[in-house]
Amino acid sequence: MFSLTKLPRPFLDRGEGIYFYDETGKRYIDGSSGAMVSNIGHSNPRVLAKMKAQMDRSTFGYRLHFRTHASEDLATKIAEMMPEGLDRVFFVSGGSEAVESCIKLARQYALAKGEDSRWKVISRFPSYHGSTLGTLALTGYDPLARPFDPMLRDMPKIAAPRTYLDRDNLTEEERGLKYAELLRDKILEEGPETVAAFIMEPVGGASTGALVAPDSYFKRIREICDEFGILLIFDEVMTGAGRTGKFVASEHYGVIPDIVSMSKGLAAGYAPLGAMVAKGEIVEAVEAHGGFLHGYTYSGNPLACAAGLAVLEEMQEQGIIENAAKMGDLLKARLTALMERYHFIGDVRGKGLLLAFEFVSDRDTMRPLPKEWNAYLELVELAYERGLIIYSRRTRGGSEGDHFLVCPPLIITAKQIDELMAILTEALDAFA
Ligand code: PLP
């Protein structure tokens, strides 16, 4: 084998709805939408037909030579679906590129305003923002970043609000405010005049196991950014395109960020696509100051954009985002009920169909399972053998703790949730 894949996996034959089939005909429930990507399920015939129609016309046109209807129409659709004011769209081919674009726009906005000293982007720990050197500098996940330390610009980080680990007497609202103040403290420590932006995942992804912050956190974070003239970036690469039961997760909190990164569910695995969406005034300031010095060969690729447009139309026509909210509540309740049966499940969390459960040795202290258990790999394999794909990564900063993401395609039905839970329970029984 010449590829860099670690695990010996079967060859994929095809995907259909929420299922995958390997070459031997074995069926798998895609309980993680790949890597939280396939939001509308696999092989959707209407999406494929619209992609074919685009392919027959053109698959590539360089953005400096032509505009394309595919990218213009998708940008219009995204602007329509986004919260008020987020209406300028820049297309890329994936999540890391989307976040990288956000950082560069934030820096160029500072320059456009004559604030040359602002270049730092504060992020959180743990977090995941991508694998390029720029995005890795923001990522709070040591095992991935450590080898590249000498090549990374040291960016300031604050603790993410993992309130499920807290054993204080505060209310959730007070905890949210307590964690938000960490941002204010960090800005003052760094010097407000050096900070361009703060970036966070509105609902955590793989690095935190679907971390949900208290509602109070969001409003306060927005106030703090405004107080110091710092841009608020929401990394919605995983949460965007309906995953949490709204088009973007910020809608749950009534807070509008200045710049948003999206990818994964945007073209839902039908093509590599990502987007940076920004407020008009930011883009206009940068344009007036010589333009956005950034871009990729495949930015605005018409085939990827046609796929993205078809995916979003399908989401709207089939009520897929509403289904994610409804099925998310159902699946979360079913996962929570597992805590009765398995004492090692310490927490179930998440929003919509971005859900996770965490293994612990002791629920009261949330002490993790011993490292040597490698539970995060073992349970994934037990489920895989039985035809269920779930996603796991060792968490709590990468050194301890095991969480599992359960994030099926947003088209899942109640009956299919029964199927998923039956296999998951079998795998948990085999683990116990
Ligand atoms: N940001 C977040 C929140 C993510 O979850 C990911 C991927 O998991 C990325 C950025 C990077 O996306 P990609 O792997 O498409 O480069």
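Quick look at the values:
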item: Helix-derived mean residue ellipticity, 222 nm - over the chain, DSSP H n ≥ 4, -39500 (n - 2.57), to 500; result: -12000 deg cm²/dmol
item: Residue range of the chain that is longest and free of trypsin sites (Lys or Arg not before Pro) which are both DSSP loop and sparsely packed (at most 12 other C-beta within 10 Å); result: 168-432
item: Whole-Hz couplings from phi, Karplus 6.51/-1.76/1.60, listed for region 407-417; x for Gly and Pro; result: 9, x, x, 6, 8, 4, 9, 4, 5, 5, 5
item: Relative contact order computed over region 83-211 (Cα-Cα under 8 Å; 6+ residues apart), in percent; result: 29
item: Too-long pairs where the Cα-Cα distance tops 26 Å, listed order kept, from LYS120/LYS178; LYS120/LYS246; LYS264/LYS332; LYS157/LYS219; result: LYS120/LYS246
item: Loop-resident sites, region 335-432, for GluC sites (Glu not before Pro), counting at most 15 other Cβ within 10 Å (DSSP); result: GLU400
item: Average Cα contact separation per residue, region 329-432, under 8 Å, 6 or more apart, as relative contact order %; result: 25
item: Candidates ALA333, ALA356, ALA160: whichever shows maximal mean-square fluctuation once the chain is modelled as a Gaussian network with Cα springs under 10 Å; result: ALA333
item: Cα-projected label distance for TYR342 with GLU378, points at 7 Å along beta-carbon direction, nm; result: 1.2
item: Antiparallel DSSP beta bridges within the chain, as percent of all bridges there, nearest 5; result: 70
item: Phi-based couplings in Hz for region 8-18 (Karplus 6.51, -1.76, 1.60; Gly and Pro marked x); result: x, 10, x, 6, 6, 8, 7, x, 8, x, 8
item: Average Cα contact separation per residue, the chain, under 8 Å, 6 or more apart, as relative contact order %; result: 22
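Throughout, read-outs are computed from the coordinates displayed, never taken from laboratory work. In this text, all values refer to a predicted model and were calculated from it rather than measured experimentally. Here Cβ is always computed from backbone atoms with ideal geometry, including for glycine, and neighbour counts include all displayed protein chains.
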